[in-house]
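**Q** Here it is, the structure in full.
Please treat every number below as a calculation from the coordinates, not as lab data. Treat the numbers as computed from the prediction; the structure is a model and nothing was measured. Here the Cβ is made from the backbone with ideal geometry for all residues, glycine too, and neighbour counts use every protein chain on show.
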C-alpha cells in the first residue's frame, strides 16, 4: 500500500514534467501554449454560464416545489414491494442532475444510517455507478454550441437507470437487504 501512496504523490508532477520536456524537445513554446489554452478555457467557461444557471434553477424549482417528495410518495408502494429503501430515491433522482447535490445527499445518508448499513452501501455504490448526465450535457454540449442533444440525453439517462438498477441488485446480492 505504501507504493500506491508514493505513486499518487508523484504521478501528476511526473506527467507535467514529461509534457514540459516533450514540448521542449519538439521546440514548442510550452508557456505560451499554456497561456493560449487558459484563455480559451476561460472563454469557454464564460460561454456556458447561461446553461449552468438554467440547470441550477431547474434543480431548485424541482426540490422547492415539493415535486420530489410527491414523486417519492407516489412510488413508495412499488419501491417497498421490490425492496428498495425510499431514502435513496432522492439520490437516484438528483444524481443525473447535480453531482454536488448528490454527494451531499450521499454524505447525509451515510451520516444518518452509517457507512456499513444497507442504505449507506447502496448510496455509495449508486454514487459511483451513475453520472451527472444533465450537467455533462449542459457543459460539454453547451461549450461547443450543440443545441440538439435528445439522443445523448436518452442514452445518458438510460445509462443512469441501468447504474441505479445494477447498484441495487449488486448491493442486495453482496450485502443482503435491510
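**Q** Please rank 12, 48, fewest neighbouring Cβ atoms within 10 Å first, as an exposure proxy.
**A** Least to most surrounded, the residues fall as 12, 48.
**Q** On C-alpha positions alone, give me the angle between the axis of helix 49-64 and the longest principal axis of the chain, in degrees, nearest 10.
**A** Between helix and principal axis, roughly 20 degrees.
**Q** Right, something else. Please arrange 10, 3 by counting, for each residue, the other beta carbons lying within 10 Å of its beta carbon, fewest first.
**A** Fewest to most other Cβ atoms nearby, the residues stand as 3, 10.
**Q** Of the listed peptides 81-94, 137-150, what is their order by residue-averaged count of other C-beta atoms within 10 Å, with the highest listed first?
**A** Order by mean packing, descending: 81-94, 137-150.
**Q** Let me ask something additional. Taking every Cα atom in the chain, find the radius of gyration and the maximum pairwise distance Dmax, and write them in Å.
**A** Considering the chain through its Cα atoms, Rg and Dmax are 21.1, 66 Å.
**Q** Right, another one. Over what distance in Å are the Cα centres of the stretch 40-70 and the stretch 87-151 separated?
**A** The stretch 40-70 and the stretch 87-151 have Cα centres spaced 14 Å from each other.
**Q** Roughly speaking, what is the centre-to-centre gap between the stretch 11-27 and the stretch 159-178 when only Cα atoms are used, to the nearest Å?
**A** If you average the Cα positions of each part, the centres end up 42 Å apart.
**Q** Given the DSSP H assignment, sum -39500 (n - 2.57) over each helix run of at least 4 residues in the chain and divide by its residue total; what's the result at 222 nm in deg cm²/dmol, nearest 500?
**A** So the helix-based figure for the chain works out to -25500 deg cm²/dmol.
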